[in-house]
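A.B. asks: I have a structure I would like to understand better, so I am pasting it below and will then ask my questions one at a time.
The values are calculated or read from the model by the stated rules, or taken from the named source; none is laboratory data. Not measured: the values here are computed from a predicted model. As a convention, Cβ positions derive from the backbone with ideal geometry for all residues, glycine included, and neighbour counts pool all protein chains shown.
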Amino acid sequence: MAGLVASFGSGAMTNSIDEFEDADCILITGSNTTENHPLIANRILRAQEKGAKVIVIDPRKTQIGDLADIYARQNLGSDVAWLNGLINVIISEGWYDKEFVSGRTEGFEELKAKVADYTPDKIEQISGIPAATIKQIAEAYAKAENGSIVYCMGITQHISGTDNVMSLANLAMVTGNVGKRSTGVNPLRGQNNVQGACDLGALPNVFTGYQAVINDELRAKFEKAWGVKLDGKVGQTIMEMMNNAHDGKLAGMYVMAENPMLSDPDINHVREALENLDFLVVQDIFMTETAQLADVVLPGTTYAEKDGTITNTDRTVQRCRKAIEPIGDSKPDWEILALLGQKMGISNFDYNSPEDVYKEIMAVTPIYAGISYERIENETLHWPCPTADHPGTLFLHSGTFSRGLGALKSIDYREPAEMPDNDYPMQLTTGRMMFHFHTGTMTRNSPALHKEVKESYVEVNPSDAKEQGIVEDEKISIASRRGQIEAKARITNKVGRGVVFIPFHFVEGAANVLTNPALDPVAKIPEYKVCAVKVEKI
Amino acid sequence: MNCDFVLTTCPYCGCGCNFYLQVIDGKAVGVVPCKTHPVSKGTLCIKGWNAHQFVHDEKRLTKPLIKKSGRFEEVSWDEALDYTAKRMLEIKEKTGPDSFGFLSSAKCTNEENYLLMKLSRGVMGTNNVDHCARL
Ligand code: SF4
């Protein structure tokens with residue numbers, strides 16, 4: 001989200017899900033929308049029925065790519081290049097929104113000079129997207145009354161992830177497609193409460209509601225609310241924690257309902273890191289690969305056994321309601337944390353219910369201050385909602401950006417950290433699939449979902465398969481500089497030549513044995529979406 | 001037989017569809033979509049339709065566990081939490097607050113994320129708290 005914060009001053013989906021239906025053009029990139037956000041995909045397809053143009057730019061031709069009016073396959077990691085190319089065409093053809101650019105943004109002249117280098121021919125060479133297609137996409141998006149951009153982890157999981165997002169923001173601002181209905185730059189969050197985890201300050205640099213820990217005034221507010229002294233320096237990200245654990249500089253970790261043994265890039269490194277800790281606590285519903293390494297395992301509960309709130313990808317705060325009693329001796333996660341806080345000698349960890357906790361959240365978090373349990377019984381409220389009579393905010397940045405003027409950023413294309421070479425001549429990209437969810441802790445224990453796709457596979461382009469004599473369903477080896485796995489081949493045109501795709505939900509054949517932990521320097525997101533591999537028959 | 005329908009939010013993706021969890025005699029047995037919800041509008045995807053299935057899985061963890069000489073042993077909540085609190089405070093004392101880290105979860109509620117964040121910052125005294133959404 002660092003990219004959107006730099007460009008607009010706020011890091012969430014700018015518009016709400018309901019608005020997609022009334023867009024005239026929807027540009028989707030790095031999102032396998034029909035599989036991963038099916039109900040949002042429905043909305044987008046309804047817009048298409050009503051006449052909207054749907055444009056998909058993705059290295060994999062997934063279902064939404066098949067259904068698109070324009071589909072383009074870019075080379076892995078070439079996003080800044082083709083986005084600069086689009087902006088170049090839009091500016092030189094005079095299709096940009098002059099009024100919006102001069103009234104609401106800064107940095108236009110620099111951007112114009114920067115993108116001038118990205119001629120259609122150069123773009124074709126770097127990204128593989130034909131010059132004519134670039135022009136077609138530029139025209140469709142720039143000329144639309146309301147153009148909306150949708151992206152997901154195909155954009156962020158690169159060393160240039162932050163640059164990619166800022167480039168998308170450039171595109172939206174240059175065409176005036178932000179700050180009004182059915183437009184905007186819209187990241188789709190993967191897991192159900194990613195938005196909430198960020199909003200509530202499960203990040204090393206901010207308290208709840210993106211209030212910075214380095215800001216003395218804000219820190220003083222939390223010190224007063226909690227009655228303790230607080231540290232004012234930014235903490236470690238998950239990747240930094242893993243590296244420090246590996247080097248013996250982190251002594252302990254507390255992991256709640258996460259399975260980094262499967263979800264982190266370079267699993268072998270993560271195993272060594274976790275094994276190196278003096279003390280590891282894991283709170284989860286199943287004995288995950290990570291829990292097996294723990295010193296203490298605390299049984300939490302599923303959503304069905306607890307009350308609380310969850311914030312979806314378009315900033316709507318919604319209720320989760322307890323339907324059954326906790327299974328066995330398990331306890332809702334909030335209760336475990338409250339009990340532990342008390343045991344650690346802190347008096348203000350005395351909560352009787354999630355609503356108690358929530359009231360404290362409202363008191364210290366301006367963007368949530370007007371959203372109460374009571375109100376969301378009857379109303380759909382999107383944050384920011386600062387007061388009890390505020391209607392909530394459907395789309396952000398109307399009239400002015402959170403940071404004042406929108407920042408147009410001049411950005412250069414950089415190659416992915418690991419390009420193919422003689423030893424590892426192919427490229428691997430990873431992703432999710434319809435029937436499974438993240439690391440599979442929930443879905444692989446659901447009989448109906450597990451039946452749909454039982455084991456890992458690797459997608460190979462027909463020409464590459466033919467060259468190597470690989471046939472459908474054959475078990476093949478995929479190796480990178482970090483490790484090697486085996487998986488069954490699926491021969492398909494979904495992937496381009498020289499590229500293979502592996503979903504990352506499975507323990508056997510875990511794709512993250514192979515992936516590159518090289519990080520985006522700002523967002524610290526690892527480059528899951530591209531690394532060099534070699535593919536061989538066994 | 002006792003049958004209930006409890007309105008709640010789907011645990012899977014960020015669309016945030018709502019549905020009714022059907023509960024018979026204290027067991028979650030099925031899912032019914034919610035017609036009036038602005039995103040779901042009466043439909044769900046295959047994950048949502050099956051969202052009750054993992055709840056009663058027999059592999060669910062039901063007891064706190066402590067690893068003693070390499071093997072997990074079932075213990076009481078009091079023992080598990082006392083031991084955890086003691087070890088965490090020891091680390092804070094010995095190697096400092098920043099030698100400890102917390103990973104929160106995009107699968108947990110807002111309230112739970114808040115409490116883990118408060119435990120990290122307000123009790124352990126470190127800003128080393130993050131979640132897997134970067135991943
Ligand atoms: S029902 Fe499907 S689309 Fe809706 S929230 Fe659940 S997983 Fe997402």
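A.B. asks: So which helices (runs of 4 or more DSSP H) stay within the stretch A:170-251 end to end and still have 1 or more residues that are at the interface with another protein chain (Cβ under 7 Å from one of its Cβ atoms) and aromatic (F, W, Y)?
C.D. replies: Per the criteria, A:216-226.
A.B. asks: For residues that are crowded, with 23+ Cβ neighbours inside 10 Å, of a type in the set (A, V, I, L, M) and at pLDDT below 85, tally how many sit in the stretch A:406-443.
C.D. replies: So the count comes out to 1.
A.B. asks: A further question follows. Give the number of residues within the stretch A:100-114 that are assigned to a helix (DSSP H, G or I), touching a residue at least 60 places away in the same chain (Cβ under 8 Å) and buried (at least 16 other Cβ atoms within 10 Å of the Cβ).
C.D. replies: Selection size over the stretch A:100-114: 6.
A.B. asks: What about B:A85, is it surrounded by 17 or more Cβ atoms within 10 Å (Cβ to Cβ), among the hydrophobic types (A, V, I, L, M, F, W, C) and either under 19 Å from A:T313 (Cβ atoms) or out of contact with any helix residue (DSSP H, G or I) (no Cβ under 8 Å at 6 or more places or on another chain) (or both)?
C.D. replies: no
A.B. asks: Now a separate question. Tally the residues that are part of a helix (DSSP H, G or I) and farther than 17 Å from A:V115 by Cβ, restricting the search to the stretch A:134-160.
C.D. replies: Qualifying residue count, the stretch A:134-160: 7.
A.B. asks: For the stretch B:28-49, give me each residue that is closer than 16 Å to B:C13 by Cβ and of a type in the set (V, I, T).
C.D. replies: Correct list: B:V31, B:V39, B:T43, B:I46.
A.B. asks: A further question on this structure: Quick check: anything in the stretch B:54-74 buried (at least 18 other Cβ atoms within 10 Å of the Cβ), facing chain A (nearest Cβ under 7 Å) and within 16 Å of the ligand (Cβ to nearest atom)?
C.D. replies: Checked against the condition, which is being buried (at least 18 other Cβ atoms within 10 Å of the Cβ), facing chain A (nearest Cβ under 7 Å) and within 16 Å of the ligand (Cβ to nearest atom), the stretch B:54-74 yields at least one hit.
A.B. asks: Can you work out which of the residues in the stretch A:40-83 that are within 26 Å of A:I502 (Cβ to Cβ) and without any contact (Cβ under 8 Å) to a residue 12 or more places away in the chain is surrounded by the fewest Cβ atoms within 10 Å (Cβ to Cβ)?
C.D. replies: Residue satisfying both the conditions and the ranking: A:D66.
A.B. asks: Here are some residues: A:V282, A:V317. Which one is in contact (Cβ under 8 Å) with a residue 24 or more places away in the chain, more than 7 Å from chain B (Cβ to nearest Cβ), closer than 30 Å to B:E73 by Cβ and aliphatic (A, V, I, L, M)?
C.D. replies: Only one candidate qualifies: A:V282.
A.B. asks: Pairs, please: C-beta under 6 Å, at least 6 apart or cross-chain, first residue more than 7 Å from every other protein chain (Cβ to nearest Cβ) and free of Cβ contacts under 8 Å to residues at least 40 places away in the same chain and in the stretch A:324-345, second assigned to a helix (DSSP H, G or I) and charged (D, E, K, R)?
C.D. replies: Partner pairs satisfying both residue conditions: A:P326/A:E305.
A.B. asks: Something else now. Taking only the stretch B:1-34 into account, find how many residues are within 14 Å of the ligand (Cβ to nearest atom) and not in a strand (DSSP E or B).
C.D. replies: The qualifying residues number 8.
A.B. asks: Determine whether the stretch A:375-387 contains at least one residue that is more than 10 Å from chain B (Cβ to nearest Cβ), surrounded by 18 or more Cβ atoms within 10 Å (Cβ to Cβ), among the β-branched types (V, I, T) and in contact (Cβ under 8 Å) with a residue 60 or more places away in the chain.
C.D. replies: no
A.B. asks: Yes or no: A:N243 in contact with a Gly (Cβ under 9 Å, 6 or more places away or on another chain) and surrounded by fewer than 24 Cβ atoms within 10 Å (Cβ to Cβ)?
C.D. replies: no
A.B. asks: Now for a different question. For the stretch A:288-301, enumerate the residues that are at pLDDT 95 or above and assigned to a loop (DSSP other than H, G, I, E, B).
C.D. replies: Residues satisfying the conditions are A:A294, A:D295, A:G300, A:T301.
A.B. asks: Restricting the search to the stretch B:35-53, which residues are aliphatic (A, V, I, L, M), within 7 Å of another protein chain (Cβ to nearest Cβ) and assigned to a loop (DSSP other than H, G, I, E, B)?
C.D. replies: Of everything in the stretch B:35-53, just one residue is aliphatic (A, V, I, L, M), within 7 Å of another protein chain (Cβ to nearest Cβ) and assigned to a loop (DSSP other than H, G, I, E, B), namely B:V39.
A.B. asks: Here is a list: A:K180, A:K249. Which entry is assigned by TED's automatic domain parsing to the domain that holds A:F100, among the basic types (K, R) and either over 30 Å from A:K98 (Cα atoms) or surrounded by fewer than 24 Cβ atoms within 10 Å (Cβ to Cβ) (or both)?
C.D. replies: A:K180
A.B. asks: Scan (1) surrounded by fewer than 19 Cβ atoms within 10 Å (Cβ to Cβ); (2) on the phi < 0 side of the Ramachandran plot for the single condition A:I126 breaks and write down its number.
C.D. replies: (1)
A.B. asks: Looking at the structure I just gave you, is A:M344 touching a helix residue (DSSP H, G or I) at 6+ places or on another chain (Cβ under 6 Å), surrounded by fewer than 20 Cβ atoms within 10 Å (Cβ to Cβ) and not charged (D, E, K, R)?
C.D. replies: Against the criterion (touching a helix residue (DSSP H, G or I) at 6+ places or on another chain (Cβ under 6 Å), surrounded by fewer than 20 Cβ atoms within 10 Å (Cβ to Cβ) and not charged (D, E, K, R)), A:M344 qualifies.
A.B. asks: Which residues, taken from the stretch B:25-48, are buried (at least 16 other Cβ atoms within 10 Å of the Cβ) and either touching a Gly at 6+ places or on another chain (Cβ under 9 Å) or touching a residue at least 60 places away in the same chain (Cβ under 8 Å) (or both)?
C.D. replies: Correct list: B:V31, B:P33, B:C34, B:H37, B:V39, B:S40.
A.B. asks: Inspect the stretch A:294-303 for any residue being away from the ligand (no atom under 16 Å from the Cβ) and touching a residue at least 60 places away in the same chain (Cβ under 8 Å) and give the result as yes or no.
C.D. replies: No, every residue in the stretch A:294-303 fails to be away from the ligand (no atom under 16 Å from the Cβ) and touching a residue at least 60 places away in the same chain (Cβ under 8 Å).
A.B. asks: Please count how many residues of the stretch A:172-194 are in contact with a His (Cβ under 6 Å, 6 or more places away or on another chain) and more than 15 Å from the ligand (Cβ to nearest atom).
C.D. replies: 2
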